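Asker: First the structure, then my questions, so here it is.
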Amino acid sequence: QIITGFDLVCDQFDGDADDLLEYFEKTCFGEPKISGTVRKKPQFDHKLWNIHDRVVATVPRPNNSVEGWHNAFANRVAISHSTIVKLGEKVRREQSKFEVDMTKIL
């Protein structure tokens, strides 16, 4: 269904987006072969980037937890013109917090 969905999305664009759509087609979906019924192997397999099954199963998307941690850490580090020493201290505190959280979970 992802090819059908991609084709539906492509139909919504005018000629200005052709380069972008061709990039996604080559990278994520595979270009159609000359016969038109089969596609070449994409650069990135569907299993690598398609998260439909995870969404249906209400399992978090892989990047949600990473983005959540990154935002929280960025807020804790929020120092203008930080030095490497200050950053190192923030990383040590983050590690300590992580170890406490893991102990609570276990």
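Asker: Determine the calculated [θ] at 222 nm for the chain from helices alone, applying -39500 (n - 2.57) to every DSSP H run no shorter than 4 residues and normalising by the residue count; nearest 500 deg cm²/dmol.
Answerer: Roughly -17500 deg cm²/dmol at 222 nm, from the helical runs in the chain.
Asker: With +1 on the Cβ of every Lys and Arg and -1 on the Cβ of every Asp and Glu, and nothing else charged, how large is the dipole of segment 1-57 about its Cα centre, in debye rounded to the nearest 20?
Answerer: It works out to roughly 520 debye.
Asker: Charges at C-beta only: +1 for Lys and Arg, -1 for Asp and Glu. How large is the resulting dipole of the chain about its Cα centre, in Debye rounded to 20?
Answerer: Approximately 880 debye in magnitude.
Asker: Assuming a viscosity of 1.002 mPa s and a temperature of 20 °C, what translational diffusion coefficient in µm² per second does Stokes-Einstein assign to segment 1-57, Rh being the Kirkwood radius over Cα pairs?
Answerer: Estimated via Stokes-Einstein, D reaches 174 µm²/s.
Asker: For segment 1-100, which trypsin sites (Lys or Arg not before Pro) are in a loop by DSSP, counting at most 16 other Cβ atoms within 10 Å?
Answerer: Counting only loop positions with at most 16 other Cβ atoms within 10 Å, the trypsin sites (Lys or Arg not before Pro) in segment 1-100 are Lys33, Lys40.
Asker: Provide the per residue accessible area, probe 1.4 Å, for segment 62-105, rounded to a whole number of square angstrom.
Answerer: Details: 3700 Å² over 44 residues.
Dividing the accessible area of segment 62-105 by its residue count gives 84 Å².
Asker: Also, quick follow-up: Using bins 5 angstrom wide from zero, how does P(r) for the chain break down, in % of all Cα pairs?
Answerer: 2, 9, 12, 14, 12, 9, 9, 9, 10, 8, 4, 2, 0
Asker: Next up: Rounded to the nearest percent, how much of the accessible area of the chain (1.4 Å probe, protein heavy atoms only) is carbon and sulfur?
Answerer: Ligands and nucleic acids excluded, carbon and sulfur reach 59 percent.
Asker: Between Rg and the Kirkwood Rh of segment 62-105, both from Cα atoms, what is the Rg to Rh ratio? Please list the in-between numbers first.
Answerer: Numbers: Rg = 11.8 Å, Rh = 11.5 Å.
Here the Rg-to-Rh quotient is 1.03.
Asker: Toward the positive end of the charge dipole of the chain, about the Cα centre and with charges on Cβ (Lys, Arg +1; Asp, Glu -1), which of Val38, Val91, His70 goes farthest?
Answerer: Val91
The values are calculated or read from the model by the stated rules, or taken from the named source; none is laboratory data. Source: prediction; values computed, not measured. Quick reminder, even Gly has a Cβ in these numbers, built from the backbone with ideal geometry, and neighbours come from all protein chains shown. These area figures cover heavy atoms from the full protein model, side chains too; ligands, DNA and RNA do not enter into them. Shrake-Rupley method; radii C 1.70, N 1.55, O 1.52, S 1.80 Å.
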